[in-house]
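The values are calculated or read from the model by the stated rules, or taken from the named source; none is laboratory data. Owing to the predicted nature of the structure, the values given are computational and were not obtained by experimental measurement. Positions of Cβ are generated from backbone atoms using ideal geometry, with glycine treated the same way; all protein chains shown enter the neighbour counts.
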Amino acid sequence: MVSIKSLSVLAFSAVTLGATTTSTYGDYATYPAVPKTASINGFADPIYTKLPDCAQACVQEDTGITPCPYWDTGCLCVMQNWGGKVADCVASACRGDNVKSVTSLATSLCSSVGAPSPYWFIPATASEALVVAVTAA
């Protein structure tokens with residue numbers, strides 16, 4: 001069985017998707033600047049073409065349920081209400097290695113923009129759903 005810890009290890013072995021400039025928004029920590037013209041949102045744009053097909057619709061979740069600007073990657077990474085919806089969608093739509101890939105891409109992205117550990121903030125129930133989806137291959 002794949003554990004949450006195992007999924008976290010995947011994040012550390014993935015390629016870092018970094019940016020070099022930083023900006024501060026409201027009460028949030030400092031994160032790399034993301035173009036304010038993101039075509040989908042700041043979370044989806046950097047990883048969309050690397051995602052398995054089963055997860056591409058999931059990262060297009062409406063960011064309006066957060067206080068984040070839609071283009072702000074770091075802010076979206078720490079919003080459990082938004083990340084949970086994305087993770088639940090992935091757990092419903094994907095299985096096995098596809099789930100591992102999405103989890104790795106998301107945590108690597110969030111780590112690279114300076115989000116604190118666990119990098120991609122999702123509720124425990126969503127994390128558990130991802131573990132189940134990995135083992136349901």
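I want to confirm something. Restricting to the stretch 33-58 and keeping residues that are more than 19 Å from Ser112 (Cβ to Cβ) and at pLDDT 95 or above, which single residue is surrounded by the fewest Cβ atoms within 10 Å (Cβ to Cβ)?
Taking the candidates together, the pick is Asp53.
If you go through the stretch 108-137, how many residues are under 20 Å from Trp71 (Cβ atoms) and out of contact with any strand residue (DSSP E or B) (no Cβ under 9 Å at 6 or more places or on another chain)?
Pass one, the stretch 108-137, residues under 20 Å from Trp71 (Cβ atoms): 108-115, 119-121.
Now restrict to residues that are out of contact with any strand residue (DSSP E or B) (no Cβ under 9 Å at 6 or more places or on another chain): 108-111, 119-121.
So the count comes out to 7.
Could you run through the stretch 105-137 and say how many residues are within 20 Å of Leu51 (Cβ to Cβ) and outside any helix (DSSP H, G or I)? Can you show your working first?
Taking the stretch 105-137 and keeping what is within 20 Å of Leu51 (Cβ to Cβ), we get 105-113, 115, 118-122, 126-127, 129-134, 136-137.
Subset that is outside any helix (DSSP H, G or I): 113, 115, 118-122, 136-137.
The number of residues fulfilling the criteria is 9.
Which residues, taken from the stretch 89-104, are in a loop (DSSP other than H, G, I, E, B) and surrounded by 21 or more Cβ atoms within 10 Å (Cβ to Cβ)? Walk me through how you get there before you give the answer.
Within the stretch 89-104, the subset in a loop (DSSP other than H, G, I, E, B) is 94-96.
Correct list: Cys94 only.
Considering only the stretch 59-88, state which residues are assigned to a helix (DSSP H, G or I) and surrounded by fewer than 18 Cβ atoms within 10 Å (Cβ to Cβ). Show your work before the answer.
Quick first cut of the stretch 59-88, residues assigned to a helix (DSSP H, G or I) only: 59-60, 63-65, 73-77, 80-88.
Of everything in the stretch 59-88, those that are assigned to a helix (DSSP H, G or I) and surrounded by fewer than 18 Cβ atoms within 10 Å (Cβ to Cβ) turn out to be Gln60, Gly64, Ile65, Gln80, Asn81.
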